[in-house]
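Here's the structure we're looking at; comments come further down.
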Amino acid sequence: MLKLLVPALTSIALLGGAPLAAKAPCRDAKGKFIKCPETKPAAAQRCKDAKGKFAKCGTLGAKPVK
């Protein structure tokens, strides 16, 4: 019974800690662990063409919308 219980508890403990290990910690230039900087989502620039329809900002005649 003990031979089955130890591996089962070990696997449960390892699986329980997997989400914590999946997140990569941030390190500075010296290799020390630091708090990861907050990342802000990039502001999506929207553009409209000459007819007033939304278009990709790289196309001809497209102007940014304010």
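Annotations
- Eligible lysines near Lys53 by straight Cα distance, threshold 22 Å, same-chain separation 8 or greater: Lys63, Lys66
- A cut-off of 5 Å between modelled amide H atoms, ignoring neighbours fewer than 5 places along the same chain, links Lys48 with Ala55, Lys63, Val65.
- Anchor Lys3: lysines whose Cα lies under 29 Å away (excluding residues fewer than 8 positions away in-chain): none
Readers should treat all values here as calculations from the given coordinates under stated rules, not as data from a laboratory. Quick caveat, the model's predicted, so the values are computed rather than measured.
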